[in-house]
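The values are calculated or read from the model by the stated rules, or taken from the named source; none is laboratory data. Every value quoted in this text rests on a predicted model; they were computed, and no experiment measured them. Positions of Cβ are backbone-derived with ideal geometry, glycine not excepted, and every protein chain shown enters the neighbour counts. Side chains included, ligands, DNA and RNA excluded: accessible areas come from the protein's heavy atoms. Shrake-Rupley method; radii C 1.70, N 1.55, O 1.52, S 1.80 Å.
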Amino acid sequence: MTSFSRSSFRIAPSLLEREDLETVARTLVVILAFAVATLTATSLGAEESRERLLGRKVEDFTLPNVVTGEEWRLSEQDASVVVLYFNSTQCPVTNRYMPSLRKMQSELTDDKVVTVVINSNQHDSADEMRKHAIDYDLTFPVLRDATGQVARNLAVTRTAEAIVLDRNLKVRYRGAIDDRYERGVTRPKATKHFVSDALTSVLAGRSVGIPITDVEACPLRLAPATTDQQRRDPVTYSEHVAAILQRRCQSCHRPGAIGPFELMTYDDAKSWSTSIREVVTTGLMPPWHADAPHGHFANDRSLTDAEHETLLDWIDDGAVEGDRTKLPNPREYSDAWSIGTPDLVAKMEKSVVVPAETPELGVPYKYIWADQSFDRQMWVHAAEVQPGATEVVHHASVYVVPKGVDIKLVNDERPAGLLNDLFSPLADLPHLVSFVPGDNAFVHREGHALRIPKGARLLFEMHYTPTGKQATDCSQVGLKFADGPPKHEVHSTAAINFLFSIPPGDASHQVTAATDRFRRDTVLLAMNPHMHYRGKAFTYELVRRSGKKTRLLHVPNYNFEWQTTYWLANPIELPKGSYIECTATFDNSKDNPFNPDPTVRVTWGEQTWQEMMLGSIEIYEK
């Protein structure tokens, strides 16, 4: 996707400076006249309705385009952002914004941003709307909401309100285009650019800093409602919310897990309800970053639309507990292991002391042998890594080292340098399991398992991040074994590119890598993209012998803090002779808030201020 700077959506001051003072004065009189109406037309209930729609998916609608006569349907828009702007033909405020809208549309060179104008005023006819669109040279769709139902559903009571929707058609911003008009004030030019800033944030995959503003314009006069809205039953924790928290939240928000607080009881949920609303509305939680239909991945943590609405309804209705007899049965968790009690626990054979402060060149990766070896072949059905000092373990990977493979270590470290990365035997070792932000375990399907050969040992690869206080870590891995050889032996491999160079300031630098061609018909089980803080997006594609490409995974807003392994709900067949190509996009610009330094050229390296390009996959051969 094309990157947009914050300034690229700004309204040109010259458009405003050319307007004469008489027009400004007339508009000021209109604004002052509407000020009194604002106090009555916008009741407390209406304001609450506007705010509670934040983060919610907009109900689909179809409206006629008054210029072309064609039907325009919201759900059919292939867009990263949709902007809905409510206007009328006679309101001076909306008319003065027409040049700004035209300019904004002309600067949106990415066709993934769609802008439409909606007229819900009862007194504006279709002919008047069509003439208005032509007179103001509007190049985007102008839609007629004759019944006023779209405005009602979105709690729009005034013209000049803009609503910004993300790719999932959820409300990310609503309110004024900018701050040119406030109650009793008309500025010659804007000092705050609300829609511009919202577009920049949504396109970059970030939360919107100011998600709602007041609108000072003409009250809408809607056609009378044809039916009365049915009052829904109240949403309660016991009957509706507890089950959602069990499915989507408790794996992290439970005693001993990585969540900063627990969500095991009604009191827990009510205490954190304000925070829950914020992170659910902005899409920060539950953490999920794949752009795919819900249910495409077996470990999809994202909320369904119904779950999303239920949570927000519950919070907005006052977070009521309800009838405790309707609570679902509580989920049972092992005191220590999410996979259940392991058959074997292997610990690092020695502890690592992590310093309080990060050395100039970072804390080198540490490689520590496990305290157990295997005197016979074993088949691993499930595995989980548990850090000894969670606060300093950034990630921990466990590899299977077959007997006879020589791993050269000096002071528990690999020799540094790109050549050692290129030719390290670690690159070819079977990967068992990792602890990374958002992921630390797997449980294979029935009939699937990973082989540990006789005589093999386990090797921990540890990446530590100091936190200001010295810590001592002794991590461990728990294994559950299959009873015997499985139907399918699972393997890990990866597409890796060591030889890239990201220029300073480059906001969208792409790097590609590919697996070897598959020697036999193969089945894909899971994918795990890995980059560091400049990682922006990551895509997996299957490339067939014919050259035809099929997208397997797209992560449009990569987040280094949540390195998820995406397990397919339905494994995908990879024909013999095909291969997987991965494309990583890096943002080394100043607009990337996570960028350690946008002024330097970035190459491969283990530390987080360097970069990696690695697309791992879990497969089995047929």
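Quick notes
- Relative to its residue count, the range 475-548 spans a Cα convex hull of 170 Å³ per residue.
- The long axis of helix 126-135 is offset from the longest Cα principal axis of the chain by roughly 80 degrees.
- Nearest-ten-degree value, helix 273-282 long axis tilted from longest Cα axis of the chain: 80 degrees
- Local net charge near TYR266, Cβ-Cβ under 14 Å (Lys/Arg +1, Asp/Glu -1): -3
- Percent of C-alpha pairs per 5 Å bin in the range 476-622, short distances first: 2, 10, 18, 20, 16, 12, 11, 7, 3, 1, 0, 0.
- Working note: Karplus 6.51/-1.76/1.60 with θ = phi - 60° gives the range 190-197 the couplings 6, 10, 10, 10, 5, 5, 4, 5 Hz, where Gly and Pro are set to x.
- Rounded if a/c under 1.5, otherwise prolate or oblate - the range 432-558, Cα gyration tensor axes: oblate
- The peptide list 383-395, 319-331, put in order of mean Cβ contacts within 10 Å with the highest first, becomes 383-395, 319-331.
- Gyration tensor verdict on the range 236-387 (Cα atoms; rounded if a/c is under 1.5, prolate if a/b is larger than b/c, oblate otherwise): prolate
- The Stokes-Einstein estimate for the range 117-273, based on a Kirkwood radius over Cα pairs and taken at 4 °C with 1.567 mPa s viscosity, is a diffusion coefficient of 67 µm²/s.
- For the chain, accessible area per residue (1.4 Å probe, heavy atoms of protein chains only), Å²: 47 Å²
- Neighbour cut-off at most 12 other Cβ (10 Å), DSSP loop, GluC sites (Glu not before Pro), the range 512-591: GLU561
- Here is the short version for the chain: CYS249, CYS252, CYS474, CYS582 have no other Cys C-beta closer than 4.7 Å.
- With the simple model of a label 7 Å out from the Cα in the direction of the Cβ, GLU357 to ASP267 spans 4.3 nm.
- Taking the accessible area of the chain, probe 1.4 Å, and keeping the other protein chains in place, the carbon and sulfur fraction comes to 49%.
- When +1 charges are put on Lys and Arg Cβ atoms and -1 charges on Asp and Glu Cβ atoms, the dipole computed for the range 318-375 relative to its Cα centre reaches about 160 debye.
- Put SER546, SER589, SER338, SER125 in order of accessible area, highest first, and with a 1.4 Å probe you get SER546, SER338, SER125, SER589.
- Put simply, the amide H of ASP521, placed in the peptide plane, has neighbours under 5 Å in LYS576, LYS622, leaving out anything fewer than 5 places away on its chain.
- Across the chain, the relative contact order, built from alpha-carbon pairs under 8 Å that are at least six residues apart, equals 12 percent.
- Accessible area of PHE374 in the full protein assembly, 1.4 Å probe (Å², nearest 10): 10 Å²
- Listed residues TYR237, THR147, HIS488: farthest to the positive end of the dipole of the chain (Cβ charges): HIS488
- Charged-residue dipole, Cβ positions (Lys, Arg, Asp, Glu), the range 254-341 about Cα centre, Debye nearest 20: 260 debye
- Shape category assigned to the range 95-134 from the gyration tensor of Cα positions, a/c cut at 1.5: prolate
- The magnitude of the dipole of the chain, with charges of +1 and -1 set on the Cβ of Lys/Arg and Asp/Glu and taken from the Cα centre, is near 900 debye.
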